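> This is the structure, below, for whatever I ask next.
What follows is calculated from the coordinates using simple rules that are stated; it is not laboratory data. As the structure is a computational prediction, the values presented were derived from the model and not from experiment. Don't worry about glycine lacking a Cβ; one is built from the backbone with ideal geometry, like all the others, and counts go over all protein chains shown.
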Amino acid sequence: MNQYIEETNKGLIHTYNRFPVVLEKGEGVYLYDTAGKKYLDFAAGIAVCGLGYGNEELNQALKEQIDCLTHTSNLYYNTTCGKAATALLRIAEMDRVFFTNSGTEAIEGALKSARKYAWKKGTGRYEFIAMEHSFHGRSIGAVSVTGNEAYRTPFEPMLPGVRFAEFNDLDSVKEQITDKTCAIILEPLQGEGGINQASKEFMEGIRSLCDQEGILMICDEIQCGMGRTGSMFAWQSYGTKPDIMAMAKAIGSGLPVGAFAMTKEVAEYSLEPGDHGSTYGGNPLACAAVAKTVEIFEREDILAHVRETGAYLEERLTALAAESDEILEQRGTGLIRGIKVKKPAGEIIQRALDKGLLIISARDNVIRLVPPLIIRKEQIDEMIEKLKAVL
Ligand SMILES: *Cc1c(COP(=O)(O)O)cnc(C)c1O
């Protein structure tokens, strides 16, 4: 196995410090490596595999789609794409959607949509306000609005016209507003940035600021959306409907698919034929995954399950934090939780791996728990036992 890892590392560009584990198979909330070792998965492929692994109904739908058609390009219509669009727009409460192949591309599309809107209205606005500690992806556009200097600096110059404000600090946002502000982009719950939940006042404040000043509100729901917080999309728990939203990760249950969506008011002045495109975007196979994922989420009432197991997870983590000197704080909501630890998170994650528990970090000192949304209480107990042993 070590030889396999060595060989692989010779070929791949070294952008990741991978764990020395070769995963082969998944079943429910468990993963197995090539040596047959079993892992309880609290990472879900970075908040992607909401339905866990080996969901028969999903797999069947994908197999049927493969046998039918996997790619057509966007020059033609396809019924699977239509089905996915209708389902996604309904749960997102949006009016128009564009399918992408990743979260980063969904962000690019959202930024372009906002600029096009301002351009067509002739407002002369082009600036974006983004939040410190945000994460929006790795393309030049997405990294330009990402509030992490280390991700931006080697690739400068960044996109012009981006200003940063403090998350959960409305005054700091107000300070960055100019007559050129086109949109404010934020995650209702910052994932990568350390599991930071927006306060109700902040979300409502941003919404009213945008309304007063003629600024578009863009919500990045890529990580916190699709049921993870116990609402289908995180903004819905605040009642602060954005003008544009970006989705990805869990919407395709593991197939590479993202989307950006907008209200019809924005759509009226935004992207037109020729403005944007994607060869694979809206690919029937990816769309079959989206349509089936939404169907299963609704039929199985995944949201109710997330609320219930999320509350249980909070209870267990609160108790663990009370008895462990290593835990400084636990935060988050639903099935997206952060544990702030004293030791570097990397050390704890490595030891958890040895014990057969997959967890990830969110900044250096926060452990991020984003299990498949189908996790059960006894599996939360199992995770707590393992984590306790590791701490
Ligand atoms: C993962 C993530 C992205 C980027 O998505 P990719 O599919 O990796 O391009 C953007 N925003 C947030 C909030 C994310 O968590």
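> From the alpha carbon gyration tensor of region 270-329, can you work out the equivalent ellipsoid semi-axes (sqrt of 5 times each eigenvalue) and give them in Å, largest to smallest?
Equivalent-ellipsoid dimensions as semi-axes: 41, 19, 10 Å.
> Considering only Cα-Cα distances, which of the following residue pairs are longer than 26 Å: Lys38/Lys249; Lys116/Lys264; Lys10/Lys112?
Working: Lys38/Lys249 24 Å; Lys116/Lys264 14 Å; Lys10/Lys112 37 Å.
Correct reply: Lys10/Lys112.
> Using a/c under 1.5 as the rounded threshold, could you call region 333-391 rounded, prolate or oblate? The axes a ≥ b ≥ c are square roots of the C-alpha gyration tensor eigenvalues, and prolate needs a/b larger than b/c, oblate otherwise.
oblate
> Could you check which residue among Gly52, Gly214, Gly122 shows the biggest mean-square fluctuation in a GNM of the chain with a 10 Å Cα cutoff?
Comparing Gly52, Gly214, Gly122 in a Gaussian network model of the chain, the most mobile one is Gly122.
> For a footprinting-style exposure proxy, rank Cys68, Cys219 by other Cβ within 10 Å, fewest first. Intermediate values should be presented prior to the final figure.
Values: Cys68 12, Cys219 29.
Arranged by neighbour count, lowest to highest, Cys68, Cys219 become Cys68, Cys219.
> Which shape class applies to region 111-193: rounded if a/c is under 1.5, otherwise prolate when a/b exceeds b/c and oblate if not, where a ≥ b ≥ c are the square roots of the Cα gyration tensor eigenvalues? Intermediate values should be presented prior to the final figure.
Details: a/c = 1.82, a/b = 1.28, b/c = 1.42.
Judged from the Cα gyration tensor, region 111-193 comes out oblate (a/c at least 1.5, b/c at or above a/b).
> Using a Debye calculation, one point per C-alpha and no hydration shell, please list log10 I(q)/I(0) for region 224-363 at q = 0.14, 0.16, 0.21 Å⁻¹ in order.
Summing over Cα pairs of region 224-363 leads to -0.87, -1.03, -1.32.
> For Lys25, enumerate residues with amide H under 5 Å from its amide H, sequence gap 5+ or separate chain, H modeled in the peptide plane.
When sequence neighbours closer than 5 places are left aside, the close amide H contacts are Tyr32.
> Would you mind putting 40-46, 353-359 in packing order, based on average other-beta-carbon counts within 10 Å, highest first?
40-46, 353-359
> Let a ≥ b ≥ c be the square roots of the eigenvalues of the Cα gyration tensor of region 84-156; is it rounded (a/c under 1.5), or, if not, prolate (a/b larger than b/c) or oblate?
oblate
> Here is a follow-up. Before rounding to the nearest 500, sum -39500 (n - 2.57) across all DSSP H runs of length at least 4 in the chain and divide by the residue total; then give [θ] at 222 nm in deg cm²/dmol.
Calculated from helices alone, the mean residue ellipticity at 222 nm is -12000 deg cm²/dmol.
> So if R0 is 35 Å, what FRET efficiency would Lys264 and Asn148 give, r being the distance between their Cβ atoms, rounded to the nearest 0.05?
0.55
> Counting other Cβ atoms within 10 Å, which chymotrypsin sites (Phe, Trp or Tyr not before Pro) in region 82-143 have at most 12 and lie in a DSSP loop? Could you put the intermediate results ahead of the total?
Numbers: sites: Phe98, Phe99, Tyr117, Trp119, Tyr126, Phe128, Phe135; in loops: Tyr126, Phe135.
Passing sites in region 82-143 do not exist.
> Please report Leu328, Leu75, Leu387, Leu303 as a ranked list, fewest other C-beta atoms within 10 angstrom at the top and most at the bottom.
Leu75, Leu328, Leu303, Leu387
> Starting from the Cα of Glu27, step 7 Å along the direction of its Cβ; do the same at Asp211; then give the gap between the two resulting points in nm.
Result: 5.3 nm between the two label points.
> Using the Kirkwood radius over Cα pairs, work out the Stokes-Einstein diffusion coefficient for region 107-262 at 37 °C and 0.692 mPa s, in µm²/s as a whole number. Could you put the intermediate results ahead of the total?
On the way: Rh = 15.4 Å.
Rounded to a whole number, D works out at 213 µm²/s.
> Please list log₁₀ I(q)/I(0) at q = 0.07, 0.11, 0.13 Å⁻¹ for the chain, using the Debye equation with identical point scatterers on the alpha-carbon positions.
-0.32, -0.80, -1.13
> Once phi is turned into ³J(HN,Hα) by the Karplus curve 6.51 cos²θ - 1.76 cosθ + 1.60 with θ = phi - 60°, what whole-Hz value does each residue of region 286-298 show in order, with x for glycine and proline?
Result, rounded to whole Hz: 4, 5, 4, 5, 5, 4, 6, 4, 4, 4, 5, 4, 6.
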